[in-house]
Amino acid sequence: MLRTCLGLAVALGLSSAAFAADPTPPKGFTALFNGKDLTGWHGWAIHAKGGSPYDLQKLSAEEKAKTRKAWTEEAQAHWKAENGEIIHDGKDGKVSLATDREFGDAEFLIEYKISPNADSGVYVKGTPQIQVWDPANVAQIKLGTDKGSGGLWNNSISLTGKHPLVKADKPAGEWNRFRILVIGDYVTVYLNDQLVVDHCKLDNFWDRSKPNPKPLPAITPLLLQAHPPGEVRWRNIFGRDIPAAEANEILRKKAGAGFAPIFDGKSFAGWTGATNDYEVVDGAIACKPKKGGVLFTNERYDDFVVQLEYKVPPGGNNGLALRYPGTGGPSQVAMCEIQILDDDAPKYAKLDPRQYTGSAYGMSAPHRGFQRQPGEWNFMVVTVQGPTIQVELNGHGILNTDLSKVTEFKDKTAHVGKDRTEGHFGFCGHNDPVAFRSIAIKKLPKTN
């Protein structure tokens, strides 16, 4: 498949004998466009029937290759590479251009130049879009042209990020420069070195269901939008993968003020319960192998947000106890246990969907596919307000549930504690050395 797409992409871009110098990426970045031809790119009719990233996930490798081949051939009429630039002629909006390389958490550097009244965009996470257009186009002021480029244009008006914080565009005909950071579902955009979107959640264009829409795809290409009218030119396109440690630190810093550490990194001060079944290792609380029991805080909480990092060994199993009364099994007597599990371990292949990482155990199933490999640190945020629980994993919203509305339970066994309004926070040991660190809680005003 890759060989076919690359061959077509080369054909797509061979249009000039005079090539600009090879783009030189900054340290840590890779050039996604070689400045000569479209090797490493393919066509993507993302808005055509069957073109969404979720539609493509359903295809076999052979079907996907055939679809991309047709799209790439169609793109030849409107896309080309010339003199160190990727050019879209602005005459067709069906087939956009996407990198063969796919990204999860990533940073991108992109320069673009538009003709007067042009309209385009950059897609990250396979969804529209970081807006590119001419702010001098008075004919589209009702759409927001006067606010400038860089906003997450398809975000609902209720979400931040739809419109840029400032208008930072240079006039049509001059080069503009994007710096884009993508962590989970969150996007930060700088335009010409000015912050225009500050760590805002990108709405899922493909799933507007409430209250628990799908998270955006974990890994997708970078896409340059085909959109009439007006020619758009792109150059110096660079990308880098953001490693887990950096992504976790960004998510922690952006979580906001008000979080208080509840683990000092060296002792069980402030904790009680199964202290003999856990140990402090390298600044983390870890369950001892073949040990269990519940380790929980001395303090009790009603409404709160907890953020932490965790890592699981292969096959590892643990959980977060929410509003735990201090005795008994959290999955039954606490408000709930939020599952922590090596989801992809073969021995867990046939679990009830309400047993995987991020689930309100036995009651509400999470979206899956956003946990890192065993041995890597994950960043989780759990918000508890009244009967509702929201879970974010590595920046992806994977659960939004109201336990007061749950009437069906795993094994048809009701969870007697699900309506509990206060209790301790803790960890549910299940004999595996699952580790937790950077644990902090923010108290929220109690829900009436």
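The values are calculated or read from the model by the stated rules, or taken from the named source; none is laboratory data. Quick caveat, the model's predicted, so the values are computed rather than measured. Glycine gets a Cβ as well: all are built from the backbone with ideal geometry, and neighbour counts include every protein chain shown.
Among the numbered criteria (1) surrounded by 19 or more Cβ atoms within 10 Å (Cβ to Cβ); (2) in a helix (DSSP H, G or I); (3) out of contact with any Gly (no Cβ under 7 Å at 6 or more places or on another chain), which single criterion is violated by LEU251?
Going through the list (1) surrounded by 19 or more Cβ atoms within 10 Å (Cβ to Cβ); (2) in a helix (DSSP H, G or I); (3) out of contact with any Gly (no Cβ under 7 Å at 6 or more places or on another chain), LEU251 breaks only (3).
Wholly within the stretch 339-433, which strands (runs of 3 or more DSSP E) include no fewer than the required count, namely at least 2 residues that are out of contact with any Lys or Arg (no Cβ under 8 Å at 6 or more places or on another chain) and within 19 Å of PRO215 (Cα to Cα)?
By residue number, 378-385, 388-393, 396-402.
Could you check, for the stretch 198-206, whether at least one of its residues is farther than 21 Å from ALA255 by Cα and of a type outside the set (Phe, Trp, Tyr)?
No, there is no match, as no residue in the stretch 198-206 is farther than 21 Å from ALA255 by Cα and of a type outside the set (Phe, Trp, Tyr).
Here is a list of conditions, (1) free of Cβ contacts under 8 Å to residues at least 12 places away in the same chain; (2) polar (S, T, N, Q); (3) crowded, with 16+ Cβ neighbours inside 10 Å, and ASN212 meets all of them except one; can you say which number that is?
In the conditions (1) free of Cβ contacts under 8 Å to residues at least 12 places away in the same chain; (2) polar (S, T, N, Q); (3) crowded, with 16+ Cβ neighbours inside 10 Å, ASN212 misses (1) alone.
Would you tally the residues in the stretch 295-322 being in contact with a Pro (Cβ under 6 Å, 6 or more places away or on another chain), surrounded by fewer than 24 Cβ atoms within 10 Å (Cβ to Cβ) and outside any loop (DSSP other than H, G, I, E, B)?
Summing the residues that are in contact with a Pro (Cβ under 6 Å, 6 or more places away or on another chain), surrounded by fewer than 24 Cβ atoms within 10 Å (Cβ to Cβ) and outside any loop (DSSP other than H, G, I, E, B) in the stretch 295-322 gives 0.
Among the residues of the stretch 31-78, what is the count of those that are part of a loop (DSSP other than H, G, I, E, B), under 28 Å from the mean Cα position of the chain (by Cα) and closer than 22 Å to ASN236 by Cβ?
The number of residues fulfilling the criteria is 6.
State all residues of the stretch 390-403 that are among the β-branched types (Val, Ile, Thr) and crowded, with 24+ Cβ neighbours inside 10 Å; if no residue qualifies, say none.
Listed by number, the residues that qualify are VAL391, ILE398.
Based on what the data block shows, is ALA81 touching a strand residue (DSSP E or B) at 6+ places or on another chain (Cβ under 8 Å), in the same structural domain as ALA168 (by TED's automatic domain parsing), surrounded by fewer than 19 Cβ atoms within 10 Å (Cβ to Cβ) and within 15 Å of ASN236 (Cβ to Cβ)? Show your work before the answer.
Values: touching a strand residue (DSSP E or B) at 6+ places or on another chain (Cβ under 8 Å): yes; in the same structural domain as ALA168 (by TED's automatic domain parsing): yes; surrounded by fewer than 19 Cβ atoms within 10 Å (Cβ to Cβ): no; within 15 Å of ASN236 (Cβ to Cβ): yes.
Answer is no for this residue.
Yes/no per residue for (1) surrounded by fewer than 24 Cβ atoms within 10 Å (Cβ to Cβ); (2) in contact with a helix residue (DSSP H, G or I) (Cβ under 7 Å, 6 or more places away or on another chain); (3) more than 15 Å from PHE108 (Cα to Cα):
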| residue | (1), (2), (3) |
| --- | --- |
| GLN129 | yes, no, no |
| THR145 | yes, no, yes |
| PRO164 | no, yes, yes |
| VAL197 | no, no, no |
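Any idea which residue in the stretch 168-218 is modelled with the lowest pLDDT, counting only those that are among the acidic types (Asp, Glu) and over 30 Å from ASN117 (Cβ atoms)?
ASP207
Go through (1) more than 16 Å from ILE87 (Cβ to Cβ); (2) surrounded by fewer than 19 Cβ atoms within 10 Å (Cβ to Cβ); (3) modelled with pLDDT of 95 or more for ILE46 and report which single condition fails.
Every listed condition holds for ILE46 apart from (2).
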